[in-house]
Amino acid sequence: MDAAVAAQQERRRIRPPEPLVMAAAPPTPAAFRCPISLEVMRSPVSLPTGATYDRASIQRWLDSGHRTCPATRLPLASTDLVPNLLLRRLIHLHAATLPPSPSPEQVLSQLAAADGEPAAAEKAVRSLAAKIAPEKGKRASVASAVAADLDSAVPALLSFAKGGAGADARVDAVRILATVAQELVAYLTGDVTEKRGRVNMAVEALAAVLSADGVAEEAKDALVAALVAEDLGRVVTTLLGAGANGAAVLEAILTSPAADADAKTAIADQPELFPDLVRILRDAASPAAIRCMAAAVQVRGRPARASMVRAGAIPALALAVAAAPTAAAESALRLLAEAARCGDGKAAIAADAAEVAAAVMGRMIRVGPAGREAAVVALWLSCCAGGGERRVREAVASAPEAVGKLLVVMQGDCAPTTSRMAGELLRAVRLEQERKGMAAAYDSRTIHVMPY
């Protein structure tokens, strides 16, 4: 009996081990977070107001034209950004107390598994972007992880870049894509028919990288250099087959200082360039197609204008003038003015006089000064220069409120040459109206300007 009691007392003295409790990660101080992005700052900089922001976030704020401090709303006497070295050191010390971060491969797996969960996807993208910051020195490991599974990682990053929760996070996704952009160039060569889906994916990623504000210009120049180093004929054909994204990539090449004059000329001289750009413009109403046409005309001048007209660009540009966003409409107006400088262009405008005149007159006072000047130049070259085309004069005279709109341009803030052209157009329109008995002396409802 004594032995049994002693054994029971011994069992009471042996207690089970207490569970191991991991210390929670220390909370991130609010001062470590950027007031704009609300993320932990990677490169804290201070404004003259004393407020501190992450460099990337405040630079985007300033680049968008703001000249006030986002936090204090005070005007900025200077836009100089002063590195906050003390805060940066404190952020690094705080980061050293945190648990080890997952590897790029683990983060990519989390991103793939976060389909339909924006918060989880954003957390994964932020984690990857933090690893490619210059001070981290892990860009190569991130690039290797993404390159090891391009077919899965790139679509996931593209999907987030197009529909992610925050603007900064979407920029981060494109910055990650930029680390493997040169590997994607290889998708543009070889047998395209067998991998059309992969080609479209690669072209979309390249377009995102080349058009993003958050990607360094050095990275964009390196990507353009890699593109022009390939078989240009095959690259151009592949890009044009990819639609609007391909047009955006071609525009980036044609306007990049990293591409030499010979490469740009070779692209502009490709026989399928303008026909395919016109097709893309008609099918997708793509502003990138308009910009690419403009870049090619800038590179080659008269031969490119002739190719553009032969490709049937005039009706497509008229539609773009009427319906495209303002910036694209202004580019289309400039292209119409370029087309009107050659005989074939004038003939093509005359052949579609009603559509062109209606589009140009309808948009003339709904664009910026550069767009208005381009509209006047296109109509003046078609109606007045060298005798002009009667069909175009008739179409312009028939446009609603033609006289009033020309008066608005003349009395607006435009160049003297533009004002003179508008005056000659006005006289031609009035003569045409009187010849056909269409109007009396002054038919405009624009009563706040004096008649010419």
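Listing for the model above:
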read-out: Difference of contour (0.36 nm per residue) and Cα-Cα distance, K436 to T68; value: 126.7 nm
read-out: Within the chain: Cβ-based charge dipole about Cα centre, in debye rounded to nearest 20 (Lys, Arg +1; Asp, Glu -1); value: 980 debye
read-out: Förster radius 25 Å - calculated FRET efficiency between A370 and R310, Cβ distance, rounded to 0.05; value: 0.40
read-out: Chain lengthening between S211 and A415 when straightened (0.36 nm per residue, less Cα-Cα); value: 70.3 nm
read-out: Segment 315-391: trypsin sites (Lys or Arg not before Pro) in DSSP loop, at most 16 other beta carbons within 10 Å; value: R341
read-out: Relative pair counts by distance (%), Cα atoms of segment 316-356, 5 Å bins; value: 6, 28, 30, 23, 11, 2
read-out: Residues of the chain: accessible area per residue with a 1.4 Å probe, Å²; value: 50 Å²
read-out: Dipole magnitude of segment 30-97, debye to nearest 20 (Cβ charges: Lys/Arg +1, Asp/Glu -1, about Cα centre); value: 60 debye
read-out: Helical contribution to [θ] at 222 nm, DSSP H n ≥ 4, -39,500 (n - 2.57), averaged over the chain, rounded to 500; value: -19500 deg cm²/dmol
read-out: Heavy atoms of R435 accessible to a 1.4 Å probe, total area in Å² rounded to 10; value: 120 Å²
read-out: Label zone at R196 (point 7 Å along Cα-to-Cβ), backbone N below 16 Å, segment 236-276; value: 237-246
read-out: Dipole moment magnitude, nearest 20 debye, segment 266-365 about Cα centre, only Lys, Arg, Asp, Glu C-beta charged; value: 220 debye
read-out: Shape of segment 30-97, Cα gyration tensor, a/c cut at 1.5; value: prolate
read-out: Gained length - D221 relative to A351, 0.36 nm times residue gap less alpha-carbon distance; value: 42.6 nm
read-out: Spacing of the two label points (7 Å from each Cα toward its C-beta) at T326 and E424, in nm; value: 2.9 nm
read-out: Cα-based shape type of segment 294-407, given that a ≥ b ≥ c are square roots of the gyration tensor eigenvalues and the cut on a/c is 1.5; value: oblate
read-out: Cα-projected label distance for R390 with A30, points at 7 Å along beta-carbon direction, nm; value: 7.8 nm
read-out: FRET E, pair L319, E183, Förster distance 30 Å, beta-carbon r, rounded to 0.05; value: 0.20
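The values are calculated or read from the model by the stated rules, or taken from the named source; none is laboratory data. Everything numeric in this text was worked out from a predicted model, so none of it was measured. We place every Cβ from the backbone using ideal geometry, glycine too, and count neighbours over all the protein chains shown. Side chains are part of the model used for accessible areas, which takes the heavy atoms of the whole protein and leaves out ligands, DNA and RNA. Shrake-Rupley method; radii C 1.70, N 1.55, O 1.52, S 1.80 Å.
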